[in-house]
Structure formats: C-alpha cells, structure tokens
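Reading through the structure tokens given below for one structure.
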Amino acid sequence: PTMAHSKALLVLENFIGGKFIPCSSYIDSYNPSTGDVYCRVPDSGKEEVEAAVKAAKDAFPIWSSKSPMERSQILNKLADLIEHDLEAFAQAESKDQGKTITFARTVDIPRAVHNFRFFASSILHHITECTEMPTMGCVHYTSRTPVGVAGLISPWNLPLYLLTWKIAPAIACGNTVVAKPSEMTSVTAWMMCKLLEEAGVPPGVVNVVFGTGAKAGEALVCHPDVPLISFTGSTLTAQRITEKSAPHCKRLSLELGGKNPAIIFDDADLSQCIPTTVRSSFANQGEICLCTSRIFVQRGIYSEFLKRFVAEAKKWKTGNPSDPTISVGALISKEHLEKVRNYVKKAQAEGARVLCGEGVDPLALPPGNQKGYFMLPTVIADVKDESCCMQEEIFGPVTCVVAFDTEEEVIRRANGVKYGLAATVWSSNVGRVHRVAHRLQSGLVWTNCWLVRDLNLPFGGMKASGIGREGAKDSYEFFTEVKTITIKH
C-alpha cells in the first residue's frame, strides 16, 4: 500500500517487559467481511521471542512469590477492565475475525472476562495432600509451585476467548507467559495488553509476541527456557510442536481439531434438537472445534429431520457481521473459504446431495461486503462415511447428515474417525443416553444439549483431538510442579 493509504491502517506492536516495542517487519491482516487490509501485525521471530522470554524470566521470581490472593485480585481487576470496554473489544473481534457482532458481544468477550474471574477464584481453593506413616515416624505432604515461563499459542477462531483461557490459569498459578496469538486475529490481544499495567500486572508477567507460527511460534516452541507449551489449533501444527519440543522434554497441552458427531435417535425431541443442532453446526461460521459436522439420524425420522433441519438452516442470515440481525459472518480468510468450498465440491463429485447453501442458494451481500469471505450454511446428505467430508475437519458452515439403523452401528460409525473431541446424543431414553455416552470415543459428550460448559470440569479430546485437559483442577496441575516432601520425626 502507498504511504497515504498505510497511515489509516492500525499498526500493532509487540508487548514485552511491560512496554510496546515496534517491530522491523510486518504482516498484513485482512478484514474478512470486506477483503481489505486493515491492520499490520508484527512479523516477529527469534529476536523478539528471545527478548520476551528474558522479560518473562526476569519477572518470574517476584510474580511467583506473590500469594494466590494477591494474584487473584489482579486477575479480577483485569476482568473488570475488559468488561468495562466490552463493546470496544466486541467490535474489534468482529471486524478482525469476521464473526457476527452478536456472537462477539454475547460469547467471546464475556467468556474472556469470565476466564480471568474463574481462575482468580479457583486458585484460592486448591489444597495440597498430607499423609502420615506412624509406624515409620514419617509425615508426607505435597506442595505445588509454578513451573516458570509458559509459551501460549492461540488460534484465530475465538481469539481473546481462547487466549485468556490460557493466560488466566498460567498467571494465576504464578507462572509468567509469552503468548503468541494468531497473526490473523491479533487486535484484541494487543488491546488487552494496554490494560495490564492498570490492572496491576507487573512488567514481564504477560508478554505478547505477534507473528506467524512458522517464525514466532517456532522460536517460542524451540526456546530452552520455556518449559511449558499450551497450544490450541490444528493437529498438523501440533505434530510439529511435539517434534520441536521433544529435545527439551517440554510439558505440552494440545487442544486440537474435531470431527464431532451428533447422534439423533427416533425418540429425540426434535423441537429442541433441530434448532440446537443447527446452532451446533453453524455457530461462529462453523469455526469452533466443538461444532457438529456429522449428523447421524435414525432412519425412521431421517426424511422428516432433513426437511425441518434444512428449513431451519435457511433461516440463518449471512451478511455484514456488524448487523445485529445476522447469524453467519465471514470466514477467516480467502484461502480458508476456498478450502471449505472445495469440500462441498468434492461431496458433489462423489454423488452426495447438497440440500441448501453453497452453490444451491443465491448469496446476496450488501455492497460493502461483496469482496468478503462469505458462505451460506450448507447441508449435505447421503455422504459416504469414508468420504473426506466425513473424515476431515472442514471448520466451516458445512454439516453432513446421514441415516443409521441401530445403536450398535451408529456407535461404530461415530467412532470411525481419527478425532475424538466432542459428541452430542439426542434421545429421551435415559438408559440409552448413558450407554452411548459411555462408548463414544470423545472427551466431551453432551446429551440433549450442546456447549453447556462448567469450567471446573476437564475439557479436551481423545485420539488426534489432543493431549491433556483444561479446567480448574486440570489447568492447575498443568501449570504447576508437584513436589512430595517426606519428614521423619
């Protein structure tokens, strides 16, 4: 862009040791709903990561020696400050990511606030263990201490929500952090950095380095002074992180993709099931790792389900994310939109039926959004289980609906993918709900609902969907080292 043009662009800076530091080179970031460059993001590498890790190491002794109560007060203050600016954060998240303003206002930013409040509270309630061995004259007890500098790498689909879900437990436990948000959605992380000092977070406790996974992410993962890496993103990137961190024996928490089934038995309450399953398929443009992308419907209700499901999906309006009546915003990037569209083309080529959405219904966009990355909610029927559309994570507003006959068969088919993150089961038979939930290879199973979360509980997936769990107890265990101490008296 020309100089005159670039003046209008938002330019982000890295946040290192409590200061904003300009970078020598930058990456363009696009507004997905218009297709225009609107922001420049630092293209950080080894040097910037080195400076951030040093700042985090220097801040560690003071931060880790604060009491849980002191850290708790600071986290609560930060939550208050974000909440006070909720509207500005929501506007920024919607513009940067393409999600609807409604979703950013009601889900992303409130959840980011809640993440800080939740861990500010939970850190006060962890207890250590003590056992006695009277015959040996010994007492054993455990103590937990923060680990050090945590490397946190977060994705572009729920930018501030998933970044704070890592930062909050990491610093609550007394670690210091170097975070790298996605280069495609860095604005809300940068806005949060502006509030850290006022919240009372000492310089160097939270450092944010912006840039790509290949450069900034790699430098962080390979740094010898970063013993923990918490990553949310693709299974492919996670393989690379695992390889790169192996020589340093790092502790990893990996939350990866999903190919989540919904199983709908013929005794399901369709008046609840259909709107919820439309939401679980298309919320946030289908760009949530927990979204439903395979819907198994018992044969007796298959045709009725399809008819009602498609009618409901067609009610979801696609368009300008800042319009509060819109349900589906823009996808993250031009490349991603192309990838998602290609899955629909493949399904058609294999003989599946596209019942609504991509290539079937006209997409009418307002004049300012003609170049944006939009796609209608798309429903595909009669897809073979071995099709890439039923095996691979599409991560867009696309869901596949197929019929099944028996409970035994549907469990086998639902488990027949490499992922195991989330599943939903719809049935009014309590025994069946428990049986099926028990046998699904899935870290989370929702029955007769979707995305009802309690942050106390373990969150994470099986198989290729990840390693480790997040939640009150699980995050605490990940972000601390346990020591067993034996005293003979």
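The values are calculated or read from the model by the stated rules, or taken from the named source; none is laboratory data. From a predicted model like this one, the values you see are computed outputs, not experimental measurements. Heads up, the Cβs are rebuilt from the backbone with ideal geometry, glycines too, and the neighbour counts pull from every protein chain shown. Heavy atoms of the whole protein, side chains included, go into the accessibility calculation; ligands, DNA and RNA do not. Shrake-Rupley method; radii C 1.70, N 1.55, O 1.52, S 1.80 Å.
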Q. Charges only on Cβ, +1 for Lys and Arg, -1 for Asp and Glu: so what's the dipole of region 322-400 about the Cα centre, in debye to the nearest 20?
A. 260 debye
Q. When the Cα centres of region 287-359 and region 36-65 are compared, how far apart do they sit, in Å?
A. 39 Å
Q: Heads up, I need the accessible area for C273: 1.4 angstrom probe, whole protein in place, Å², nearest 10.
A: 0 Å²
**Q.** K418 paired with I467, simple spin-label distance in nm, labels 7 Å along Cα-to-beta-carbon
**A.** 1.6 nm
Q: For region 260-447, build the charge dipole from Cβ charges (+1 Lys, Arg; -1 Asp, Glu) around the Cα centre, then report which of P321, I288, S271 sits farthest towards its positive end.
A: P321
(Q) Can you give me the distance in nm between label points at H126 and R299, each placed 7 Å from the Cα along the Cα-to-Cβ direction? (A) 5.2 nm
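For region 81-156, what is the charge dipole size about the Cα centre, in debye to the nearest 20, if Lys and Arg each add +1 at the Cβ and Asp and Glu each add -1 at the Cβ? Present the calculation step by step, with values, prior to reporting the outcome.
Working: 6 positive and 8 negative charges, 24 e Å.
Magnitude of the dipole: close to 120 debye.
Would you please classify the overall shape of region 253-360 from the alpha carbon gyration tensor, given that a ≥ b ≥ c denote the square roots of the eigenvalues, rounded means a/c under 1.5, and beyond that prolate means a/b larger than b/c while oblate covers the rest? Please report the intermediate quantities before stating the final value.
Working: a/c = 1.39, a/b = 1.34, b/c = 1.04.
Judged from the Cα gyration tensor, region 253-360 comes out rounded (a/c under 1.5).
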Q | Three-way shape call for the chain based on the alpha-carbon gyration tensor, with the a/c threshold at 1.5 | A | oblate
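How much length is gained if the chain between L363 and E481 is pulled fully straight, taking 0.36 nm per residue apart and subtracting their Cα-Cα distance, in nm to one decimal? Mind showing how you got there, number by number?
Working: separation 118, 0.36 × 118 = 42.48 nm, distance 5.31 nm.
Between L363 and E481, full extension yields an extra 37.2 nm.
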(Q) Quick check for you: with a 1.4 Å probe and neighbouring chains kept, what is the accessible area per residue of region 338-480, in Å²? (A) 44 Å²
Q: Evaluate the charge dipole of the chain about its Cα centre and quote only its size in Debye, nearest 20, assuming +1 on the Cβ of each Lys and Arg and -1 on the Cβ of each Asp and Glu.
A: 320 debye
**Q.** Heavy atoms of E392: accessible area, 1.4 Å probe, square angstrom to 10
**A.** 80 Å²
Q | Modelled label reach - K315, point 7 Å along Cα→Cβ, region 248-273 residues with backbone N closer than 16 Å | A | 270-273
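Using 0.36 nm times the number of residues separating L236 and H434, minus their current alpha carbon distance, what extension gain do you get? Please report the intermediate quantities before stating the final value.
Numbers: separation 198, 0.36 × 198 = 71.28 nm, distance 3.29 nm.
Gain in length upon complete extension: 68.0 nm.
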Q. Once label points are set 7 Å from the Cα along Cα→Cβ at both S67 and K334, what is their separation, rounded to one decimal in nm?
A. 5.7 nm
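How do E481, E183 stack up against each other in accessible area, from largest to smallest, with a 1.4 angstrom probe?
Details: E481 80, E183 50 Å².
Descending accessible area places them as E481, E183.
Would you rank L444, L236 by solvent-accessible area, highest first, keeping every protein chain in place and using a 1.4 Å probe?
Details: L444 20, L236 135 Å².
These residues rank, largest area first, as L236, L444.
Just to verify a number: FRET efficiency for C388 and M136, C-beta to C-beta distance, R0 = 41 Å, to 0.05? Write down the numbers at each step before the final one.
On the way: r = 61 Å, r/R0 = 1.48.
Computed FRET efficiency for C388 and M136: 0.10.
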